[in-house]
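Colleague: Submitted below is the structure of interest, expressed as C-alpha cells.
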Amino acid sequence: MLDKKYNAQEKEQKWKEYWQQENVYKFVPDQREVYSIDTPPPTVNGKIHIGHIFSYSQAEMVARYKRLRGYNVFYPFGFDDNGLPSERLVEKEQGKKAHEIGREAFSKLCYQTTDAYEKEFKELFQSLGVSADWSNAYKTVSPSTIKISQASFLELAKKGYCYHKESPALWCNECLTSIAQAELETKTLKTTFNYVTFTTEEDNEPFTIATTRPELLPAIVSVFVNPKDKKHKHLIGKHARIPVINEVVPIMADEKVDAEKGTGVVMCCTFGDQTDIEWWKKYNLPLRFIFTKDGRIKEDVPNYGGLKIKEARKKVVEDLQAGGYIEKIEELEHEVQTHERCGKEVEYTVMKQWFIDIMNHKEDFLKMGESIQWYPSHMHNRYVEWVKNVAWDWCISRQRYFGVPFPVWYCEECGEPIFANEADLPVNPLVDKPSVKVCPKCGCTHFVPETDVMDTWATSSVTPLINMKYGEEHNYENILKPMSLRTNASEIIRTWDFYTIVKSFYHFGQRPWNNVMISGFVMADKGEKISKSKGNSKMDPVELIKTYSADAVRYWAASGRLGTDITFSEETLLRGKKLINKLWNVSKFIEMHLADYEDKPFTNFEFVDKWVLGSFGQMEQQFMKYADEYEIGLALNLLEKFFWNFCDNYIEIVKHRLYRPEEFGAEARYSGQKTVYTLLYKFLQMFSIYFPFITEEIFQGVYHNHVSIHTTQMVPLTYAFNNETMLGDQMVEIISQARGVKTNHNVSLKTPIRLLSLGVRAELEQAILSAQKDFKATLFIENLQMKQIENAPYEIYTVELNLDENA
RNA sequence: GGGAGUUUAGCUCAGUUGGUAGAGCAUCUGCCUUACAAGCAGGCGGUCAUAGGUUCGAGUCCUAUAGCUCCCACCA
C-alpha cells in the first residue's frame, strides 16, 4: 500500500541504499548491446555547484533512458583529483605554498584532502540518484590510472607524437608552472598605454612606440614596422636606441605590424606576447629573457633586477619620465590572457618540456570531429573553431608536485631521456631506479629523474582508456572502442573533448566516441552566469535536495533544450514538486482500483480506453524520438503534458466505471483496470528517467515484479487506435466546454446537466454513443440529445443545468 | 575583429518538414468533485527583438540591424 503522503527524504535514502545493495547499476557484460558513456570526472576542488547538478543530471537521464531501452549501459564515474586544482585547494586550506611544505608532505596532504572531498562528492551524486556503476569508480591519481596515463605517454613518445624540447611556453608565475593554451582565460583589465620616445642610432631621429609593458624595455631585441607604412618605412635597416636602457637594436620590417595600431611601431621582446615568439623564431633573434620564474626581473638586469614585474613597470615609467622620454600616457582597457586556475596574468618562459604534437595533425583532428555526431549539432563548430585556431603544441609538463609523474630519467652526461619499461609501470622516477644501468648513447651511469608531473588533462584525456582498462588482461577494449557517448558542458570542448580526440587518434587512429552531448550553463539570472564568488546559498545542491527532493531537482535540470543555458528557477522546482505529487496521487488512486486486478490478455477495450491507449502510443513515439536525440528535456515536456491530460481527463472519465461495476458492467471495469494498469506502468518507466526515487517507490508498491523499475524494459505500445484517438480528443473538447458552463455558473462540477444537446458529425455521434455511459457519467448528464450536422466536428446547442438539485 | 547561440504572455520556457500563437508560475473568478486544495474548472494577458525579402500564407525559411550569452583572436 502506498502511503497517504510521500516522504521524499526518507524514501530517497531508502532506495539509494537499496540500489547499492542490489547492484542495480552494476555493469556486467552479457549478450545485450552495450551503450557506453564517457562521464566527466568532476574536478575535486571542494565545491559541487548547481552547474554540476544540471550537467550530470542530463547525462544521467540518458543512461537511464538507454537502460530502459534494453541496452547494457556502461556508465562509469570518476574523480579528477589530479593536478593543479587539487594543489591549489590544499595550498588554500593550508595557507602555504607547495614548495614551503615540501614535495612528499604536500602530496600526502593532497591525497588526504581529495579523499575527503571525494567522499562528499560521491555522497551528493548518489543522493541525486546518479546511476553510475559506483563499484567501478576511478580516480585520476590512483596507481591504475597513473599506469595508464604513463603508458599513454610512453606509447606516444615511441610513436614520435610526444617530444622533449626547449621551447617557449606559457608560464604562470602564481602557480609556478607552465600551462597549456587551453588553460587560458581572457580577462579585461585596466592598464596604461605609454608612448615612449626612441631615437635612431644612425641620425638621432625620434620616433614613438606605444606600449602597455614598459618593463620589457630591457628585453627588447628588435623594433618592427610595416614595410608599407609610408610614415615609418624609411626607418627599416637602421637601428633604434632604447631609452634609459641604452641598448641598440635593429629596426626590421614585417607585414604583421598594423600601421594603424598604436604608433605603428612595435617593440619585439623576449617575450611579451605570441607575436614576439613568432618573430623570434622567424628572424632568429637573440634571446633576452629577463623574468624569473616567480615573476621578478632577473638579478643581472641593471637597475631593475630583483623587482617584481609590476614594480619594475612603475620604475621604468618613472625613469622614462625623468629622462623626458614619455610623450603621453593613456588609460586603456584591454584583454589579457590569464591562467584559468588562478586568474593571474600569464607570462612566457623558455625551458625544456614535454609537448604533444598538435600542429602537424590538425587536419586529422578536424576529420575526427566530423566523424562524431555532436548534440546539439552546432557545438561541432566550437570544436572546429578551436582546432583551427590552436597555435601551440600541447605542453604537458607541469613544474608541480601532485600529479602523474613522467616515467622518465635523463642521462646526467648527455641528457638523453631514459624511458621506463612498460612492464614496470606505474613508476615514480624520484623513487624508482632507471630502467637501464648505462646510458645507451654515451655510456654514462648516472641519471637524474624527471621532477615535473603531467598536466591534469594528460590524464583526463585518457578516460576512454581508463574505462576500457587499457593494457590490462581483462579489459573492455573490444566493447568500448569507440564508446557510445561523451557528455560534458560546452566550456571543456577545447580541453577534455579535444585532448581525448587527440589521444584516441594517436593511440588507435579512430574516434573515441560516436556521439557527444553538450549541456549549457546555469545562469543566476537572465544573462548572468553563476560565479563562484557569489556563492548563492539558495542554489546549494544539498539544500535544494533537502527542500525539494532529488527528483524535483532533477526535474529542474531536465527543463529546457540541450546545449541551451538555463536560468536557475525555484518556480521550476516547484512545478517539478507538483508533478511528482500528482504522480503519487494518481498512483494511489490506481492502486486502489487494482486490488482485485489480475493481468490477462484482453482486447475488448471501451472507446475511452482505446482513446487514451492510442494517444499514449503516439506520445510515446514522439518521446522516444526526442530522447534518441538526447533531447531529454523536450521529451519530458511532452510526457508531462500528456500525463496531466491523462489525470484531468481520462481518470475523471474512467473513475465512475472503476467505482461502479454494478452500473457499468464488470467487463467495462476490467477494460479500465487494464488500461490504468498498463499506462501507470509505462508512465512509471518513462518518469523513472527523471524521477528515479518516487517511481521506484510506486513500482515496488503497485507492481513489484522486478528487482527494480530501473532494470525493466520499455516496450513501446502497439495499439493503433487512430480513429478513437482523434474522435476521443473531440469528445474531450465537448466535455471541457460543458465543464466551462458549470464554472461560469459558479457551481460545482458535479452539478447535473438536465439537458445537453449537441450537433455532431456522424462518426463523432457514433463515438459518443459507444462511450455514452462514460460520457454521461463524467458530466452528470441526465438527458443527452444529438443530431447530425455536416461541417464542424461538433456544435453545442444547449447545456441546461439542474440547479435546483444542487441548491 | 572572427565563430556560434539566443531574443515568443509580467516571470521561466515549449513551439520538429511554413497553415488561425502554447504550458507552468503570477494575477483574477468560481468549485471541499468518494487520488490529489501542493487540487479542479474557467478568465485576463502576446503587432512572436527590429527592418526588409521569398510565399496564396512566416514565430517557423533568407538578408541586414540591435540587445544578451559563450568561445576564439587582438596585449605594439
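The numbers here are math on the coordinates, done by the rules we state, and not lab data. The shown structure was predicted, so the numbers you read here are calculated from the model rather than taken from an experiment. We place every Cβ from the backbone using ideal geometry, glycine too, and count neighbours over all the protein chains shown.
Colleague: If you put +1 on each Lys and Arg Cβ and -1 on each Asp and Glu Cβ, how big is the dipole of chain A around its Cα centre, in Debye rounded to 20?
Modeller: Values: 97 positive and 112 negative charges, 72 e Å.
Around 340 debye, computed over chain A.
Colleague: Rounded to the nearest 500 deg cm²/dmol, what is the calculated helix-only ellipticity per residue at 222 nm for chain A, with -39500 (n - 2.57) per DSSP H run of length n ≥ 4?
Modeller: Details: 27 runs with 325 residues, N = 807.
One gets -12500 deg cm²/dmol as the mean residue ellipticity at 222 nm.
Colleague: Quick one: the Cα spread of the range A:563-656 along its three principal axes, in angstroms, biggest first?
Modeller: 47, 27, 21
Colleague: Mean separation of Cα pairs under 8 Å and 6+ residues apart, divided by the residue count of chain A: what relative contact order is that in percent? Let's see the in-between values first.
Modeller: Values: 1393 pairs, mean separation 115.6, N = 807.
So the answer I get is 14 percent.
Colleague: On to the next question. Past 28 Å, Cα to Cα: identify those pairs from A:4/A:776; A:159/A:298; A:352/A:481; A:308/A:362; A:261/A:388; A:139/A:625, in the order given.
Modeller: On the way: A:4/A:776 31 Å; A:159/A:298 39 Å; A:352/A:481 35 Å; A:308/A:362 38 Å; A:261/A:388 25 Å; A:139/A:625 35 Å.
From A:4/A:776; A:159/A:298; A:352/A:481; A:308/A:362; A:261/A:388; A:139/A:625, over 28 Å: A:4/A:776; A:159/A:298; A:352/A:481; A:308/A:362; A:139/A:625.
Colleague: Efficiency by 1/(1 + (r/R0)^6): what FRET value for residue A:33 and residue A:475, r their Cβ-Cβ distance, R0 = 22 Å, to the nearest 0.05? Spell out each step's value before the answer.
Modeller: Values: r = 19 Å, r/R0 = 0.85.
Approximately 0.75, to the nearest 0.05.
Colleague: Where the centroid of each part is defined by its Cα atoms, how far is the range A:322-386 from the range A:234-279 in Å?
Modeller: 23 Å
Colleague: Order of A:740-750, A:476-486 by packing, highest average Cβ count within 10 Å first? Could you put the intermediate results ahead of the total?
Modeller: Numbers: A:740-750: 12.2, A:476-486: 19.5.
So the order, starting with the most tightly packed, is A:476-486, A:740-750.
Colleague: If neighbour count is taken as other Cβ atoms inside 10 Å, put A:523, A:592 in order from fewest to most. Provide the component values of the computation, followed by the final result.
Modeller: Values: A:523 16, A:592 12.
Starting with the residue having the fewest Cβ neighbours, the order is A:592, A:523.
Colleague: From the phi angles alone, apply the Karplus equation (6.51, -1.76, 1.60; θ = phi - 60°) to the range A:308-323 and give each ³J(HN,Hα) in whole Hz, x where the residue is Gly or Pro.
Modeller: 3J(HN,Hα) across the range A:308-323, in whole Hz: 5, 3, 5, 5, 5, 4, 5, 5, 4, 4, 4, 5, 5, 5, 4, x.
Colleague: What is the packing order of peptides A:107-115, A:139-147, taking the mean over residues of other C-beta atoms within 10 Å and listing the highest first? Please list the in-between numbers first.
Modeller: Numbers: A:107-115: 18.8, A:139-147: 20.6.
Put in order of decreasing packing, that is A:139-147, A:107-115.
Colleague: Separate question: From the C-alpha gyration tensor of the range A:132-178, pull out the three semi-axes of the equivalent ellipsoid (sqrt of 5λ each), sorted largest to smallest, in whole Å.
Modeller: On the way: eigenvalues 160, 74, 11 Å².
Listed largest to smallest, the semi-axes of the range A:132-178 are 28, 19, 8 Å.
Colleague: Continuing with this model, one more query. Among rounded, prolate and oblate, which fits the range A:185-241 when a ≥ b ≥ c are the square roots of the eigenvalues of its C-alpha gyration tensor, a/c under 1.5 means rounded, and a/b larger than b/c means prolate? Kindly include the intermediate steps, with their values, before the conclusion.
Modeller: Working: a/c = 2.32, a/b = 1.80, b/c = 1.29.
Prolate shape, in that a/c is at least 1.5 and a/b is the bigger ratio.
Colleague: Considering only DSSP beta bridges with both partners in chain A, what is the antiparallel share in %, to the nearest 5?
Modeller: On the way: 65 of 94 bridges.
Antiparallel bridges: around 70 percent, rounded to the nearest 5.
Colleague: Still on this structure, I have one more. Enumerate the amide H contacts of residue A:566 below 5 Å, restricted to partners 5 or more residues apart or on another chain; note that Pro and chain-start residues carry no placed amide H.
Modeller: Under 5 Å from the amide H of residue A:566: A:521, A:522, A:523.
Colleague: Computed FRET efficiency, Cβ-Cβ of residue A:743 and residue A:112, R0 45 Å: what is it to the nearest 0.05? Numbers along the way, then the final one.
Modeller: Values: r = 65 Å, r/R0 = 1.45.
The calculated FRET efficiency here is 0.10.
Colleague: Another question about this same structure. Express the Stokes-Einstein translational diffusion coefficient of chain A in µm² s⁻¹, to the nearest whole number, given a Kirkwood radius over alpha-carbon pairs, 4 °C and a viscosity of 1.567 mPa s. Kindly include the intermediate steps, with their values, before the conclusion.
Modeller: Details: Rh = 31.4 Å.
Translational D for this selection: 41 µm²/s.
Colleague: Hey, can you grab everything whose amide H is under 5 Å from the amide H of residue A:375? Only 5+ residues off in sequence or another chain; H modelled, so Pro and N-termini drop out.
Modeller: A:516, A:517, A:518
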